[in-house]
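Right, one structure below, let's go through it.
Read-outs: derived from the displayed coordinates by stated rules, not from any lab. Keep in mind it's a predicted model, so treat the numbers as computed, not measured. Neighbour counts are summed over all protein chains in view; Cβ atoms, including those assigned to glycine, are modelled from backbone coordinates with ideal geometry.
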């Protein structure tokens, strides 16, 4: 039997992982509802993560500040990973463990939503951000991997991709991210068409 190439092996593995996240559909719909409700109330989205997950956090917020598929008004969304000044000052003056929680304290208001990403589930700065969000009345959605790690059981909605390879977890997180964006955008457009929100 011919040995699979690296690409063939990765695609085969990704198919298996993506099939497993179908069981998360009710939670995906709940995450989309929580976010859509917040944006339609005039609240905002915050997002954080480290490394590749930092890029996912910025990707997510961009989809709302700009757009996903359809032309519509912008909605308030802040990536807590994007401001180098805030991150480095907090890391230098306090601790890297506090770089997100301090920003949640600065920007988070009751009724906002925090989307937090950690493929291991054990990122201390993400864990602190989730706990701080709860203290401030900010709803939380956690994108986790493996068995959820230390962050399991903290967020209002948790989307755990139960796999041990970081790359596969991130790929699944990206699909979940896009699905939530699509579901939320449909709600936002429906509200605009009903006259509940301006379209642009």
Inset, instruction - Arrange the following residues from fewest to most other Cβ atoms within 10 Å of their Cβ: 115, 64, 107, 96. - result: 96, 107, 64, 115
Inset, instruction - Quick one: among 131, 164, 83, which has the greatest mean-square fluctuation in a GNM of the chain with alpha-carbon springs under 10 angstrom? - result: 83
Inset, instruction - Could you list 2, 110, 44 in order of exposure, starting from the residue whose Cβ has the fewest other Cβ atoms within 10 Å? - result: 2, 110, 44
Inset, instruction - Measure off 7 Å from each Cα along the Cα-to-Cβ vector at residue 96 and residue 33, then give the distance between these two points in nanometres to one decimal. - result: 3.9
Inset, instruction - Give me the distance in nm between label points sitting 7 Å out from Cα along the Cα-to-Cβ direction at residue 55 and residue 194, one decimal. - result: 3.8
Legend entry - Of 71, 171, 63, the one that fluctuates the most in a GNM where the chain has Cα springs shorter than 10 Å: 71
Legend entry - Share of pairwise Cα separations in the range 61-200, more than 20 Å, in percent: 53
Legend entry - Antiparallel bridges, percent of DSSP beta bridges restricted to the range 44-200 (to nearest 5): 0
Inset, instruction - Determine the relative contact order of the chain: mean sequence separation of Cα pairs under 8 Å and six or more apart, normalised by residue count, in whole percent. - result: 23
Legend entry - Per-residue Cβ neighbour rank within 10 angstrom, fewest leading, 132, 61: 132, 61
Inset, instruction - Could you work out, for the range 1-132, what percent of all Cα-Cα pairs fall into each 5 Å distance bin, beginning at 0 Å and stopping at the bin that holds the largest distance? - result: 2, 10, 15, 19, 18, 13, 10, 7, 4, 2, 1, 0
Inset, instruction - Compute the distance in nm between two label points, each set 7 Å from the Cα along the Cα-to-Cβ direction, one at residue 152 and one at residue 88. - result: 3.8
Legend entry - Equivalent-ellipsoid semi-axes of the range 78-148, from the Cα gyration tensor, Å, largest first: 18, 16, 10
Legend entry - Most mobile of 149, 85, 121 in a GNM of the chain (Cα contacts under 10 Å): 85
